[in-house]
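Before any comments, here is the structure.
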Amino acid sequence: MIVTTAELFDVAYGNFTVGAYNINNMEQALGLFEGHRQAHAPFIVQISRGARDYANPRMLEAIIRAAEEIYPDAIFAVHLDHGTEEVCYACIDSGFYSSVMIDASHEPFEENVATTRRVVERAHAAGISVEAELGMLGGVEEDIQVDEKHAMLTDPQEARAFVEQTGCDSLAVAIGTSHGAYKFSGRQGLHFDRLSAIQEQLPGFPLVMHGSSSVPQDEVRRINAAGGTLDPSARGVEADEFARAAPLGVTKVNIDTDGRLVWTRVHREYFRDHPEGFDFRKPGKIFIQAYADFIVDKSEKLLSAGRLETVREAVV
Ligand code: G3H
Ligand code: 13P
Ligand code: ZN
């Protein structure tokens, strides 16, 4: 059942975080839905502009609608990840999305406000909610490269003014994470003090954590043992940090890189061990299972495991 993102947030706020996973193909969709079935967890399926270019928006919609039929007990929202104004309007008009993200965080504050405000007006008229972003994460965000040094943590006072002026429904905040496999070095981690200060300014308001992959070291090691050349010092968000972020207002946690690592590990190992192989369904099947296992484990850490019935009672 596709629900609104707002409905999920109402149940989750302060209690647990909802995993938002990017999908690009059928195998990811099957693993995603199967994992959440096993975990009894609600979730958000998110689609980036890159995914729309790769798979065609119609194909992605058909995959998700088919998964919904195959998994009739699933409760999830469909979300546009890192949208431009133009793509937000296309998604709002499509009638398929529960929510859109307008990402104008690279623009000056006033322009970010103006762009977000326009999207909010169009989205709310169609009954769709809007995630906006303030502050800058490090790493690569779609086609924009943000140098670590220029990644700016979200200012709590600005966050409050931004929400008041735009009417957005949730806010992606920069609290130390970055996109991709290389987030932290040494003893860096999330800035919980900053997150707490943002929550003080925006009590009860849903916050979103992008760049939330954990980049498991064992996954990186296995990829490299099978021919990969990922930086072995790559690190992500620690498993216990999600549980600390939930009471501080984080309701949505974006995860893409970790799923890509599972895909890469499975396929590299398969073809290393089966150099004669060319039936892609064999590693494909292994990936679906491995991705489902990953989702079960992640749902425990996000505290969303076992919440499905609570959400069902709230939305039906
Ligand atoms: O934040 C970006 C997500 O990881 C999506 O990545 O734009 O390459 O599909 P993508
Ligand atoms: P990761 O690169 O940490 O998986 O972050 C994904 C993300 O923020 C998608 O919007
Ligand atoms: Zn992101």
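The values are calculated or read from the model by the stated rules, or taken from the named source; none is laboratory data. Predicted, not measured: the structure shown is a model, and the values here were computed from it. Neighbour counts are summed over all protein chains in view; Cβ atoms, including those assigned to glycine, are modelled from backbone coordinates with ideal geometry.
Just a few scattered comments:
- So LEU190, is it in a loop (DSSP other than H, G, I, E, B), under 29 Å from LEU80 (Cβ atoms) and in contact (Cβ under 8 Å) with a residue 12 or more places away in the chain: yes
- Scanning the range 198-222 for residues that are over 17 Å from VAL11 (Cα atoms), within 16 Å of ligand 3 (Cβ to nearest atom) and of a type outside the set (A, V, I, L, M) gives HIS210, GLY211, SER212, SER213, SER214.
- Condition check for MET152: part of a loop (DSSP other than H, G, I, E, B), away from ligand 1 (no atom under 16 Å from the Cβ) and either surrounded by 19 or more Cβ atoms within 10 Å (Cβ to Cβ) or at pLDDT below 95 (or both): yes
- The set of residues in the range 104-140 being touching a Cys at 6+ places or on another chain (Cβ under 9 Å), among the charged types (D, E, K, R) and part of a strand (DSSP E or B) consists of GLU131 alone.
- Near pairs, Cβ below 8 angstrom, 6+ apart or cross-chain, from the range 74-103 (more than 19 Å from ASN56 (Cβ to Cβ) and assigned to a helix (DSSP H, G or I)) to any residue that is of a type in the set (Gly, Ala, Ser) and within 16 Å of ligand 2 (Cβ to nearest atom): GLU85/ALA104
- Take the conditions (1) away from ligand 1 (no atom under 15 Å from the Cβ); (2) in contact (Cβ under 8 Å) with a residue 40 or more places away in the chain; (3) not in a loop (DSSP other than H, G, I, E, B); ASP258 misses just one of them, which is (1).
- Any hit, the range 86-98, residues being under 14 Å from the mean Cα position of the chain (by Cα) and either aromatic (Phe, Trp, Tyr) or at positive phi (or both): no
- When the range 193-222 is limited to residues that are part of a loop (DSSP other than H, G, I, E, B) and within 16 Å of ligand 1 (Cβ to nearest atom), the one that is nearest to GLU269 (Cα to Cα) turns out to be VAL215.
- Test: VAL78 is at pLDDT 95 or above, of a type in the set (Val, Ile, Thr), farther than 22 Å from VAL173 by Cβ and within 16 Å of ligand 2 (Cβ to nearest atom): yes
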